[in-house]
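The values are calculated or read from the model by the stated rules, or taken from the named source; none is laboratory data. From a predicted model like this one, the values you see are computed outputs, not experimental measurements. So basically every Cβ, Gly included, is an ideal-geometry build from the backbone, and we count neighbours across all protein chains shown. Quick note on the areas: whole protein, heavy atoms, side chains included, nothing else; ligands and nucleic acids left out. Shrake-Rupley method; radii C 1.70, N 1.55, O 1.52, S 1.80 Å.
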Amino acid sequence: GLFVWHLKNTGIRQIPCQFVHLCRVANDRLITFQYFNFLKRMYVTQYNKDLSQRAKPKSDSVASPFRELQQLDQEKKVIHKIRPISPVHQPLSETSSRNELREIKSAAETEDSGPPVRAESKEDRQWKEMKLRLDDLPGILARLSKIKLTALVVSTASAGFAMAPVPFDLTCFLLASLGTGLASCAANSINQFFEVPFDSNMNRTKNRPLVRGQISPLLAVCFAASCGVPGIALLTLGVNPLTGALGAFNIFLYTCCYTPMKRMSIANTWVGAVVGAIPPVMGWTAATGSLDAGALLLGGILYSWQFPHFNALSWGLREDYSRGGYCMMSVTHPGLCRRVALRHCLALIGLSTVAPVLDITTWTFPVISLPINLYISYLGFRFYRDADRSSSRKLFFCSLWHLPMLLLVMFTCKKSLLEKEDKGDLLGGNHGRAMEITLP
Amino acid sequence: MAATRALRAGGGGCCCCHRRLLSSSSAGGSPTAERGERRESAGLGFSPPAHSRNDWIGPPDKHSNLRPVIFYVPPKESPLERRLREARQEAQACDQHFWARHNCAFRQEKEEFIYSRLKAKGLEMRDETGQKATLNAEEMADFYKDFLSKNFRKHMQYNRDWYKRNFTITFLMGQVALARALRWLRWKKKNVGN
C-alpha cells in the first residue's frame with residue numbers, strides 16, 4: 001500500500017512540471033486544465049495481484065459537433081503496469097542499447113521543445129497494446145453500435161407500434177423492439193467498419209473504437225453479424241416477415257447506400273432520411289402486420305424531421321466535411337441546405353394535420369402540436385435567413401426535443417379503438433369483431 | 001514570391017510536411033525485421049516492451065490523424081500471417097501517405113485563401129495584438145466548397161482503394177483466425193491423446 005502510494009505521489013509530482021513546460025510551448029491549447037482533469041481521475045487498483053494504474057473512463061458525452069476547443073486525444077482508459085524503474089528517473093544510467101540511443105536522438109531532433117527524455121515518456125504513454133480486455137468489451141461494443149442512437153431508433157419504432165390502431169400486445173412489442181435494436185447495432189457497426197480513416201480525420205468521430213484500435217475490424221464485422229442475423233431472424237419469425245424484410249432493407253440501405261454515398265453525392269441526405277423513417281414504419285407493421293397509410297404518415301413525419309435535424313448539425317461541420325471528402329449540402333449547396341430544412345419544418349405542420357384525417361389521432365393533435373411545429377419552423381426560418389452558427393445550433397437543439405415531444409403528444413391524442421367502434425369505423429369495428437370471434 | 005515567404009513566416013505553413021512525410025511513410029515496422037527481435041519503427045521513436053506479443057497502436061499522427069501501428073512478428077509466423085501483416089503495413093503506409101499529403105494541402109490552401117481574402121480586404125495576417133486574423137465561417141464556406149470539388153476525383157479513387165484494402169485485410173484476418181483455431185484444436189487433440 002505504502003509502496004503504491006509513494007509511486008503514485010512521485011508520478012504525479014513529476015508530471016505537472018512536464019505539462020507546465022509543454023503549456024508554454026503550446027499555443028491556444030488548454031493542455032493544463034485537461035491534463036490535470038485527466039490526472040484527477042487516475043486511481044490505483046489491485047487486480048489479480050497486479051498493481052495497475054487505471055483511469056476512470058469519462059462518461060461518453062452526446063456528440064457535440066459545435067465544440068469550439070480542439071479535442072485532445074486523451075485516452076479514455078489507460079492501463080499501465082507500474083514499472084519498478086521509472087524511465088524518467090534514470091534516463092541515461094540505463095545501459096543504453098542502440099535502440100535507446102536512436103530513440104533519444106530522434107526525439108531530440110523533433111520539433112517538440114523541452115528535454116527529449118520527457119517528451120519520449122509522454123509519447124510512450126500514449127502507445128497502447130492492441131489487446132482486447134474482456135471488461136472493456138461492453139463499453140467498446142456500446143460505442144461501436146452507437147448505443148445512444150440505437151436507443152433513439154428503438155424508441156421511434158416503439159412509437160410506431162404504440163400508434164398502431166390495434167390492441168397492445170406486449171410480447172410482440174418487446175420482440176419488435178429487441179429485433180429493431182439488434183438490427184440498428186449491426187448497421188452502426190458496419191458503418192464504423194467502413195469509415196475508419198474518415199472518422200480519424202473528423203473531430204466528432206475520432207474517438208471511435210475502430211479508430212483507436214480497441215477492437216479489430218474482424219471482431220467488428222463478427223459483432224455486426226451476430227447482432228444483425230438474430231435481429232432480422234427475430235423480426236421475421238417472431239413478429240412478421242414484413243417487419244423482418246423492412247429491417248433487412250434498412251440495414252442494406254444504411255450500410256451499402258447511405259455510407260458510400262456520403263462521399264459521392266449530396267443525395268445521401270435524402271437516403272439517410274428514409275433510413276430514419278423506416279423504424280416507426282417497422283413498429284407499425286409489427287403491430288398490424290400491414291403497411292397502411294398510418295405507417296406511411298409516421299414514416300413521413302420522421303423523414304421530414306431528419307432534414308432540420310441533420311442540416312442544422314452539418315452547418316457547423318463544414319470544415320471537417322470539406323477536408324474529409326464528404327459531399328454534404330452544407331458544403332456544396334448551402335442555400336439548398338437551408339431551404340430544404342425550412343421546407344421540411346413546414347411539412348411537419350402539414351403532416352400533423354393529415355394525422356386526424358387518416359384516423360390515427362383526434363383533431364386535438366394538430367391543435368396541440370401547432371405551437372411546437374411553429375416554433376421549429378420559426379427557427380428553421382431564422383436559419384434560412386441568417387445562415388450562421390447560432391441559428392443552426394438553435395435549430396439543431398430544438399430538433400432534439402421537438403421529436404420526442406411530438407411523438408408524445410401524438411400518442412396522447414391517439415384515436416382510441418372504442419371511439420372508432422362507436423363511430424362505426426370499418427377498421428376499428430372489424431378488429432373488435434374479429435377479437436370477439438377468436439377469443440375462447 | 002513575397003506572398004509565399006510571408007506565408008511561411010507567418011503561418012508556419014507546411015514546409016515541415018515534406019520532411020515528415022518522408023520519414024513517416026515507412027511506419028509500421030520494417031518488413032524484414034528479424035523474428036523475435038525488439039521491434040522498432042523508423043521515425044516513430046517508440047519500441048514496445050520485449051515480452052509483448054501484441055501489436056501496439058500509437059497516438060494520432062500530426063499530419064494524417066491516423067494512428068500508427070507497430071506490428072508483432074511472431075517467431076513462427078506462417079505464410080498466411082505474413083501476408084496479413086504485410087497487407088496491413090502496406091495499407092497503413094498508403095493511408096498515411098494519402099492523408100498526410102491531403103491534410104497538408106488543405107492547411108496550405110486554407111492559409112493561402114485566408115491571406116488572399118485578408119489582402120483583398122486590406123487587412124494584415126496578424127492584427128495589432130499579434131493575434132492571427134481569421135475569417136468567419138461564412139467567408140470560409142467558399143473555400144470549403146472549392147476544396148471539396150477540386151479533390152472529388154482524388155477521393156473517389158481513394159475510396160475505391162480503401163474499400164478494397166479493408167475487405168482484403170478483414171478477409172485475411174478471418175482466414176488467420178480460422179487457421180489459428182484449427183491449429184489449436186489439433187494441438188488440443190494431440191495433447192488429450194497423449
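Odds and ends about this structure:
- Residues that are in contact with a strand residue (DSSP E or B) (Cβ under 7 Å, 6 or more places away or on another chain) and open to solvent by less than 80 Å² (accessible area, probe 1.4 Å) within the stretch B:129-159 comprise just one, B:Ala133.
- The stretch A:276-290, subset in contact (Cβ under 8 Å) with a residue 40 or more places away in the chain and not small (Gly, Ala, Ser), residue farthest from A:Pro167 (Cα to Cα): A:Pro279
- Among (1) out of contact with any Asp or Glu (no Cβ under 6 Å at 6 or more places or on another chain); (2) more than 7 Å from every other protein chain (Cβ to nearest Cβ) - the single one B:Ala137 does not satisfy: (2)
- Residue within the stretch B:173-188 that is assigned to a helix (DSSP H, G or I) and under 28 Å from A:Met329 (Cα atoms) present: no
- Sole exception among (1) closer than 17 Å to A:Gly283 by Cβ; (2) part of a helix (DSSP H, G or I) for A:Thr259, by number: (1)
- Lone unmet requirement of (1) of a type in the set (A, V, I, L, M, F, W, C); (2) open to solvent by less than 20 Å² (accessible area, probe 1.4 Å); (3) in the same structural domain as A:Leu348 (by the TED database) for A:Phe310: (2)
- Yes/no for A:Pro241 being within 15 Å of A:Ser189 (Cα to Cα) and of a type outside the set (Gly, Ala, Ser): no
For every residue, the table says whether it meets (1) within 27 Å of the chain's Cα centre (by Cα); (2) at pLDDT 95 or above; (3) outside any loop (DSSP other than H, G, I, E, B); (4) over 28 Å from B:Tyr163 (Cα atoms).
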{"site": "B:Arg88", "(1), (2), (3), (4)": "yes, yes, yes, no"}
{"site": "B:His102", "(1), (2), (3), (4)": "yes, yes, yes, no"}
{"site": "B:Phe113", "(1), (2), (3), (4)": "yes, no, yes, yes"}
{"site": "B:Glu128", "(1), (2), (3), (4)": "no, no, no, yes"}
{"site": "B:Thr134", "(1), (2), (3), (4)": "no, no, no, yes"}
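- Selected residue [charged (D, E, K, R) and more than 8 Å from chain A (Cβ to nearest Cβ)] from B:Asp142, B:Asp95: B:Asp142
- Entirely in the stretch A:314-375, the helices (runs of 4 or more DSSP H) that have 1 or more residues that are without any contact (Cβ under 8 Å) to a residue 40 or more places away in the chain, away from chain B (no Cβ under 11 Å) and over 15 Å from A:Leu407 (Cα atoms): A:334-357
- Taking the stretch A:349-372 as the range and being more than 23 Å from A:Pro308 (Cβ to Cβ), among the hydroxyl-bearing types (Ser, Thr, Tyr) and crowded, with 17+ Cβ neighbours inside 10 Å as the test, only A:Thr362 passes.
- Listed here are the helices (runs of 4 or more DSSP H) enclosed by the stretch A:134-234 that have at least 2 residues being surrounded by fewer than 22 Cβ atoms within 10 Å (Cβ to Cβ) and more than 14 Å from every other protein chain (Cβ to nearest Cβ): A:137-144, A:147-163, A:170-194, A:217-233.
- Single residue of the stretch A:373-401 satisfying the filter (among the small types (Gly, Ala, Ser) and within 21 Å of A:Gly276 (Cβ to Cβ)) that is surrounded by the fewest Cβ atoms within 10 Å (Cβ to Cβ): A:Ser377
- Qualifying residues in the stretch B:155-165 (those that are in contact (Cβ under 8 Å) with a residue 24 or more places away in the chain and more than 7 Å from chain A (Cβ to nearest Cβ)) - the one nearest to B:Ala105 (Cα to Cα): B:Tyr158
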